[in-house]
Amino acid sequence: MQVAIITGASSGLGAEYIRQLQSSKKIDEFWVIARRRDKLEKLKEISRIPVRVFAMDITLKSSIEALKTTLDAEKPTISYLIVAAGCGKIGRTYDISLEDSDRMIDLNCRAAVDVTTICLPYLTKGSRVMEIASTAGFQPLPALNIYSASKAFLISYTKTLHHELLTRGIHVTAVCPYWITDTEFLSVARTTKAPFYKHTIGSSHKKSVVAWSLMDSTLNLWVSTPSPVSLIHRLLCWIVPDFIMVPFMELLCHI
């Protein structure tokens, strides 16, 4: 059986990947993972491909063990592994709670690595891995410090994984979008009431981000910048050193 495993599937990019992968002949079943069972169950209504629901919090070791047990028992071929679960909080580092700080690191870094690690034995030639990172990972960002640091980790991890799996014919891509306005990310990230990044100029939409990133995955790019703005941001971070970019972003975060 060929499966597509998608974390963070209850909404946003995760759910959009399900919509856009409907025509794939390499998927017999979607395995969808998130905490909200009711949202996951609704995915069955939009998918012509069978959907299996795993309502779990992947930051918990018990959830990782449960998923690993299912993989070991059924031994599917994983055609797509899309790690879209993530979270962020906007605000100065000293205003972000310890709980929120830990949650960003646990979900964006450790859980992403844990899910990927237990899935590695079930990837074969032609399988595609997409780790959803962010342009925030290209540089340190004021008022998004922990989030940007966690995404920098994920980008570095994914690049090396891309290299290590290259000879096995497995495509691995770090997807690095700019702001996406039609997902839940911004509404959740702004619950700190911090007066930063109030205007998301040049933002993207999930439909175009998913379509662009799937194309980049087909091309086996190790980093996907799925919009003109995210591509420009990436190029700027290559050229301009952090000691200039960080103060510049400090100015932009007040716009």
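Each value in this text was obtained by applying a stated rule to the coordinates, not by laboratory testing. Quantities reported herein were computed from a predicted structural model and do not represent experimental measurements. Positions of Cβ are generated from backbone atoms using ideal geometry, with glycine treated the same way; all protein chains shown enter the neighbour counts.
Return the loop-located trypsin sites (Lys or Arg not before Pro) in segment 112-156 (DSSP other than H, G, I, E, B) with at most 15 other Cβ atoms within 10 Å of their own Cβ; answer none if there are none.
Working: sites: Lys125, Arg128, Lys151; in loops: Lys125.
Sparse-neighbourhood loop trypsin sites (Lys or Arg not before Pro): Lys125.
Report, in deg cm²/dmol and to the nearest 500, the calculated mean residue ellipticity at 222 nm for the chain, where each DSSP H run with n ≥ 4 adds -39500 (n - 2.57) and the sum is divided by the residue count.
Working: 10 runs with 107 residues, N = 255.
Computed ellipticity for the chain at 222 nm equals -12500 deg cm²/dmol.
Take each of the peptides 219-225, 143-149, average the number of other beta-carbon atoms within 10 Å over its residues, and list them starting from the highest. Each step should come with its number before you reach the end.
Numbers: 219-225: 17.6, 143-149: 22.1.
The most tightly packed comes first, giving 143-149, 219-225.
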Give me the aspartates and glutamates in straight-line cross-link reach of Lys206: C-alpha distance below 20 Å, same-chain residues under 8 apart excluded. Glu16, Glu45, Glu131, Asp182, Glu184, Asp216
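Given Cβ point charges of +1 (Lys, Arg) and -1 (Asp, Glu) and nothing else, what value in debye, to the nearest 20, does the dipole of the chain about its Cα centre take?
Working: 29 positive and 23 negative charges, 102 e Å.
Here the size comes out at about 500 debye.
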Trp238 versus Arg48: modelled label distance in nm, points set 7 Å from Cα along the beta carbon direction: 3.9 nm
Using +1 at the C-beta of Lys and Arg and -1 at the C-beta of Asp and Glu, which of Thr225, Gly88, Val210 has the Cα lying farthest in the positive direction of the dipole of the chain? Val210
Using packing as a proxy for protection, rank 43-54, 154-165 so that the peptide with the highest average count of other Cβ atoms within 10 Å comes first. 154-165, 43-54
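Label segment 63-107 by shape, choosing from rounded, prolate and oblate, from the square roots a ≥ b ≥ c of the eigenvalues of the Cα gyration tensor; if a/c is under 1.5 it is rounded, and otherwise prolate applies when a/b is larger than b/c, oblate when it is not. Could you put the intermediate results ahead of the total?
Details: a/c = 7.56, a/b = 2.65, b/c = 2.85.
Here segment 63-107 falls in the oblate category.
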Below 29 Å Cα-Cα, how many Lys pairs turn up in segment 1-134? Only count pairs eight or more apart in sequence, or on different chains, if you could. 29
Measure off 7 Å from each Cα along the Cα-to-Cβ vector at Glu74 and Arg92, then give the distance between these two points in nanometres to one decimal. 4.9 nm
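Using 0.36 nm per residue, how much length does the chain from His199 to Glu250 gain when fully extended, once their Cα-Cα distance is taken away?
Working: separation 51, 0.36 × 51 = 18.36 nm, distance 1.38 nm.
Residue separation times 0.36 nm, minus the Cα-Cα distance, leaves 17.0 nm.
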Peptides 230-236, 134-140: what's the order by average Cβ count within 10 Å, highest mean first? 134-140, 230-236
Given a Förster distance of 45 Å, the FRET efficiency implied by the Cβ-Cβ spacing of Met1 and Glu99, rounded to the nearest 0.05, works out to 0.70
